[in-house]
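First up is the structure itself, then whatever we jot down about it.
Just so you know, all these numbers are worked out from the coordinates, no wet-lab data involved. Just so it is clear, the model here is predicted, and its values are computed rather than measured. Heads up, the Cβs are rebuilt from the backbone with ideal geometry, glycines too, and the neighbour counts pull from every protein chain shown.
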Amino acid sequence: MTVHPTDANSLQRQTDSDEQTNIPVATDSQVLNDTSDNRHGAATTARQWQVLSQLQRNRWVGTTHIFEQLIMAGFDISLRTVQRDLNALAKRFPIEKNNANPQGWRWCDDAPLQSLPHMNLSQAVAFNMVEANLTQLLPPVILDELFPWFDLARRQLKNSKVTHSWIDRVRIEPATQPLIAPHINLESKDNIYHALFYQLQIKASYTRGDKSQASEYTLNPIAIIQRGVIIYLVATRTDDTESIIRTFALHRFASVEILDSAAKTPENFQLDTYLDAGGMGFSHPLFSELPNRGKNTSIELQFTKQAGKSLTESKLSDDQIVMSNDDDTLTIQATVNLTSQLVWWLRGFGNGLLNAKPELLYQAVLDKSLNNE
């Protein structure tokens, strides 16, 4: 964060005012005292810089929230110190407080841009795209810090024809049929993200997809994964002695309470390893008969040449082999995890898929009436 030079000077003067000296020779104790004063002044400036960075233009930010953010940043201070800082800064910077209880602070509506965090146009484009595409995956504790940057990015881009041209020409489109995301209880979502961020357990009321009534669970949050428009919590249940890793759709949480107890992550758990093993592919009842439920299985698919053409450009796996047949068809061999997701994807080829091996895979694709998980 940067501020207007005059503002920066006034902030530094707050801690430097007593540092001038005209004494040509100083004793050892005076040198030590001056060094201590310098360090204290630098620490105060750094702390107050952090205080200013927490404030937003259009939202009131509570003093307690600012205090918590400074504690997270490593400052050993009291809430009273933050309150004194804010009152002192209000004399030199365009910030204001409200009369609410607890009290809130913000930048004044007419605060000059130089007094707010600064960014160039390239950074503004990046923040704009983060706001558009990633806010659903960020915890509130981080979003609260990013809101003033999002606001500044919009202001920076408002009068820039070049950058607006780029933003207007870039989109992320889903590869499947676009769906409207289900409603998520925002309080539950915030509590889940908070618990995951601080590695705390949660007590939740959750309705499973195959049930009509909610159940109470105490969960160990492990990770958040967005799959299409659905956001999932990866967690274990405390009543499960085997600590099986499960997925919980966020829109099915009716309520979530954050507990004081620390969450327990299974030993040696790695999110990327879990995903690479097909953890989010969802199992299929037919594949339970196969070794390891169909994970890392060699498959062979036969397509019409037109239907299989896309797979010659985007591969199913690193070991994929494509063979052109004399009858104008394509045979594709690859090693994949057999999941419901694979079955649904293959069904999308319709009559373009001519055959599949193992036979159990082709049976799952043809049995369109089968209810999957």
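Below are the figures for this structure:
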read-out	value
J(HN,Hα) series, the range 189-204, from Karplus relation 6.51 cos²θ - 1.76 cosθ + 1.60, nearest Hz, glycine and proline x	4, 4, 5, 5, 5, 4, 5, 5, 5, 9, 6, 10, 6, 10, 10, 10
Ranked Leu52, Leu311, Leu366, criterion: other C-beta atoms within 10 Å, fewest first	Leu366, Leu311, Leu52
The range 186-273, relative contact order [Cα under 8 Å, separation at least 6], %	34
Rounded, prolate or oblate (a/c below 1.5 giving rounded, otherwise prolate when a/b exceeds b/c) for the range 186-273 by Cα gyration tensor	rounded
Of Lys211/Lys295; Lys264/Lys295; Lys203/Lys295, those spanning more than 30 Å from alpha-carbon to alpha-carbon	Lys203/Lys295
Amide proton proximity set for Arg227, modelled H, under 5 Å, gap of 5+	Tyr232
Total charge dipole magnitude, the range 186-273, about the Cα centre, Cβ charges on Lys, Arg, Asp, Glu only, Debye to nearest 20	280
Packing-based exposure ordering (other Cβ within 10 Å, fewest first) of Arg246, Arg252	Arg246, Arg252
Shape parameters for the range 121-167, alpha-carbon atoms, Rg then Dmax in Å	10.9, 33
Residues Lys189, Lys309, Lys158 arranged by fewest to most Cβ contacts within 10 Å	Lys158, Lys309, Lys189
Karplus-derived HN-Hα couplings along the range 86-97 (A = 6.51, B = -1.76, C = 1.60, θ = phi - 60°), whole Hz, x at Gly and Pro	5, 5, 6, 5, 5, 7, 10, 10, x, 10, 9, 10
Distance between modelled label sites at Ala111 and Arg246, nm, 7 Å Cα→Cβ extension	4.5
Computed over the range 121-167: relative contact order in percent, which uses C-alpha pairs under 8 Å that are six or more apart	57
Test item: Cα-centred dipole of the range 121-167, Lys/Arg +1 and Asp/Glu -1 on Cβ, debye	320
Qualifying GluC sites (Glu not before Pro) in the range 170-278, DSSP loop, other Cβ atoms within 10 Å at most 11	Glu242, Glu267
FRET efficiency, Lys91 to Arg154 (Cβ-Cβ, R0 51 Å, nearest 0.05)	0.95
Using a Förster distance of 30 Å, the FRET efficiency for Asp328-Glu300 (Cβ separation, nearest 0.05)	0.95
Gained length - Gln363 relative to Ser288, 0.36 nm times residue gap less alpha-carbon distance	25.6 nm
Inter-label distance, nm, simple model (7 Å from Cα along the C-beta direction), Lys315/Ile71	5.1
Long-range amide H partners of Lys295 with built H, under 5 Å	Leu338
Hydrodynamic radius by Kirkwood, which averages 1/r over all alpha carbon pairs of the range 281-366, in angstrom	13.0
